[in-house]
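I have placed the structure first, in the form of structure tokens, so that the comments after it can refer back to it.
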Amino acid sequence: MSDEILLEVKDLRAKVEDKEILKGINLTIRPGEVHAIMGPNGSGKSTLSSVLAGNPSFTVTGGEATFHGVDLLALSPEDRSHEGLFLSFQYPVEIPGVSMVNFMRAAVNAKRKYFDEPPMSASDFLKMMRQKRAVVDLDNKLASRSVNEGFSGGEKKRNEIFQMAVLEPRLAILDETDSGLDIDALRVVAGGVNKLKTDRNATIVITHYQRLLDYIKPDYVHILYKGRIVRTGGPELALELEERGYDWIKAEEENKTGEA
Amino acid sequence: MGALKQYIDLAREHRSTLDGNAPAALNEGRERALAFLDEARRLPDGSDEGYEKTSVEEMFKPDFGVNVNRVNIPVNVARSFRCDVPNITTLLAVVVNDRFVATSTLQGNLPEGVRVCSLRDVPREELEGYLGRSAGGYDAAMALNSLLLQDGVFIGVDKGVKLHKPVQIVNIFSGGVPLLAPRRVIVAAGEGAEVSILKCDHTQTPGVKFASSEIVEIFAGEDARVEWCDLEESTPDTVRWCQLRCCQQRGSRVNICGATLTNGVTRNEYLIEVEGDGCETLLSGMAIGSGRQHIDNSSFICHSADHGHSDQLFKYVLDENASGAFEGLIEVAHGARHNEAYQSNRNLLASGGARMHTRPQLLIYNDDVKCSHGATTGQLDEAALFYMRSRGIPVDEARKMLMQAFMVDVVSKINLETLRDRLRYLLELRFAGGCGDVSCQGCHENMFNDA
């Protein structure tokens, strides 16, 4: 951990169509940290990850996000990726007709081009693919198939972490990576994330349940409710949620607005 | 003055020259063509059923000349090979405008029972047995072609002969003045014969208007297998009216694929008559349009025998201001039992300016069939696009990858691996902007850079 700030989000607001979903998010993340963002359904967890990654379906209506000194919100999704942001999708998209190999080659070479580096040679690329596949035990056969097409739920999530391993992001956002995973797949995926962790990068784990946090240990736990972070604490906060559910948070928040 | 009149006048005025420079079997067709066209008075236009989206009359309106005197127009044949993919050895015939040019690959390489030659070198009686005798009735496309035709390509594979090397026909437009080329290809596959043919249309002189009036007649004998793959890589100034007619005898299998990569205005018509029992018919097409390209495919498959299986897949990707049309008709005739016939047309519009018109149809005259048809037209998948961008793939490249991916299942319809590879490669070039109207030189350079 250091004093250096990797991501600083200030009063971030966003809407989809005409509905405001994020109502002023504040978040500070330093290299080496793992942050968990928890919250009930509809609290804005996935919206936050989409907005940070630059999904054009969402409109930022206020606030700012600074990523290692760069104005993140001013960048295209592809440039955010080049700058080191990675989103592991809750529902990885199937792309029939685009092979995993071509997909990853395009991604890797686009990043190299961004940094004025020549494209990777075919043999270096294949060697790297082999190494990175090992991180999550991804079957070689999947690499020759179309992106996510016909992959099982577990294979799709492994594939996300494989891509993360290839792109070596400075900040990875794992959006409900545990959803749809059985316990063995969860262990492999979480193990992959832990292998990729260094004191130079950081991870945001968005999850519904405490379960994933048994495998990926957070330094901070934030509770998102109605588009705001209403509690921040250590790992014990996740355990408390697991025990008491979200209702006490909801009740306390409703009381606050009632008093105001 | 209508577009047709200039060609009728030309044929009348130069009749003796036309006849003098063409084999007798072709000359015999001119009277009927004249009579038909005199009565028609114009080529099909938007007021004719089936031509609503493409007026042939408009396509042929410019003052195209016809090379009735058989003036030898120089062509850089080697240049067209620059678009070729290495490691594909074919038996090659070149058609310069409408003149058959044999290449050295044909000399000494044709197995016994295989002919790849000019229509001029086919015995008169034999040729008469083929001309106009494949599928379909006599119509304007056949009449215009027959009126002006002086040469063409004959591919004959005798009974039981299996030709393993593909035959390639390279159609090249070349010359300094607007030209119409009447082109005819006859494919005669005898009983149990097998042949794969790749035809590609190129235009070598950019900026000059060219028109092709082409008829392809395929005769698939009993248990014959014929694969036909037609690639158009022409220029925005090229118009093409190409009609493919195919008749299938018992147990034959044909696999026809047409691809329009670059063009001006193209109207392709497929007429297939399944006359024998137990035939298989695969018909697929792809069209990639940008700029102001227009591509119209029309298909008619008629099942008049039993136990036939036909499958059609046509896919279009249209960008910028390109437009496309598809009309497909399946007919299962009275008394034709146990047929399966499927048709699908799927289209991707990549811009607000692109337009697609589609009309799939079925005519079924008995109960004992399995048929389906369907058409969809959609846009690029936004979720896939964002997913790719989030991995760092620039939006333009991601769009191209998705458009190319959309065509993958058409490519997979082709049997011959070398042809599949070639088409895949050309698709990649097409979406990289390196083919057809950009000039063959571009292909050449890309090819060797990639290698």
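When only residues in segment B:344-391 that are among the aliphatic types (A, V, I, L, M) and within 14 Å of chain A (Cβ to nearest Cβ) count, which is nearest to B:GLY308 (Cα to Cα)?
Residue satisfying both the conditions and the ranking: B:LEU348.
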> In segment B:194-217, what count of residues is obtained for those that are free of Cβ contacts under 8 Å to residues at least 40 places away in the same chain and under 18 Å from B:ASP158 (Cβ atoms)?
Replying inline: 1
> Out of segment B:211-253, which residues are open to solvent by less than 10 Å² (accessible area, probe 1.4 Å) and of a type in the set (Phe, Trp, Tyr)?
Replying inline: B:TRP228, B:TRP241
>> With the condition being within 7 Å of another protein chain (Cβ to nearest Cβ), I'd like the strands (runs of 3 or more DSSP E) fully within segment A:47-129 carrying at least 1 qualifying residues.
In response: A:85-88, A:95-99
> Which condition does A:TYR91 not pass, out of (1) over 29 Å from A:ALA251 (Cα atoms); (2) over 13 Å from the mean Cα position of the chain (by Cα); (3) surrounded by fewer than 17 Cβ atoms within 10 Å (Cβ to Cβ); (4) not basic (Lys, Arg), if it passes all the others?
Replying inline: (2)
>> Return the pair list, or none, for Cβ contacts closer than 6 Å from residues in segment B:384-404 that are farther than 21 Å from A:LEU174 by Cβ to residues that are acidic (Asp, Glu) and assigned to a helix (DSSP H, G or I), at least 6 apart or on different chains.
In response: B:PRO394/A:GLU78
>> Looking at A:PHE89, A:PHE103, A:PHE115 in this structure, which one is in contact with a strand residue (DSSP E or B) (Cβ under 9 Å, 6 or more places away or on another chain), aromatic (Phe, Trp, Tyr) and within 25 Å of A:LEU7 (Cα to Cα)?
In response: A:PHE89
>> Anything in segment B:392-423 that is away from every other protein chain (no Cβ under 11 Å) and out of contact with any strand residue (DSSP E or B) (no Cβ under 8 Å at 6 or more places or on another chain)? List them, or say none.
In response: B:ARG399, B:GLU417, B:THR418, B:ARG420, B:ASP421
> In segment B:133-184, which residues are surrounded by fewer than 19 Cβ atoms within 10 Å (Cβ to Cβ) and either of a type outside the set (A, V, I, L, M) or not in a loop (DSSP other than H, G, I, E, B) (or both)?
Replying inline: B:ARG133, B:GLY137, B:TYR138, B:ASP139, B:ASP158, B:LYS159, B:GLY160, B:LYS162, B:HIS164, B:LYS165, B:GLY176, B:PRO178
>> I'm trying to understand the selection: among the residues of segment A:125-171, which are among the acidic types (Asp, Glu), open to solvent by 20 Å² or more (accessible area, probe 1.4 Å) and touching a Pro at 6+ places or on another chain (Cβ under 8 Å)?
In response: A:GLU149
> Which ones in segment B:20-73 are open to solvent by 60 Å² or more (accessible area, probe 1.4 Å), in contact (Cβ under 8 Å) with a residue 40 or more places away in the chain and outside any loop (DSSP other than H, G, I, E, B)?
Replying inline: B:ARG32, B:PHE36, B:GLU58
>> Looking only at residues that are surrounded by fewer than 19 Cβ atoms within 10 Å (Cβ to Cβ) and of a type in the set (S, T, N, Q) in segment B:335-364, which one is nearest to B:ASP319 (Cα to Cα)?
In response: B:SER351
> Does any residue in segment A:32-58 that is under 18 Å from A:SER81 (Cα atoms) come within less than 7 Å, Cβ to Cβ, of a residue that is of a type in the set (Phe, Trp, Tyr) six or more places away or on a different chain, and which pairs are these?
Replying inline: A:THR47/A:PHE58; A:SER50/A:PHE58; A:VAL51/A:PHE58; A:ASN55/B:PHE386; A:PRO56/B:PHE386
> Applying the selection to segment B:1-13, what residues are part of a loop (DSSP other than H, G, I, E, B) and either touching a Phe, Trp or Tyr at 6+ places or on another chain (Cβ under 8 Å) or open to solvent by less than 60 Å² (accessible area, probe 1.4 Å) (or both)?
Replying inline: B:GLY2
> Is it the case that segment A:59-67 has a residue that's modelled with pLDDT of 95 or more, surrounded by fewer than 17 Cβ atoms within 10 Å (Cβ to Cβ) and either closer than 30 Å to A:ASP139 by Cβ or within 17 Å of the chain's Cα centre (by Cα) (or both)?
Replying inline: yes
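The values are calculated or read from the model by the stated rules, or taken from the named source; none is laboratory data. Computed from a prediction, not measured in an experiment: that's the story for all the values here. Methodologically, a virtual Cβ is constructed for each residue, glycine included, from the backbone with ideal geometry; neighbour enumeration extends over all protein chains shown. In case anyone asks, the SASA skips ligands and DNA or RNA and just uses the protein heavy atoms, side chains included. Shrake-Rupley method; radii C 1.70, N 1.55, O 1.52, S 1.80 Å.
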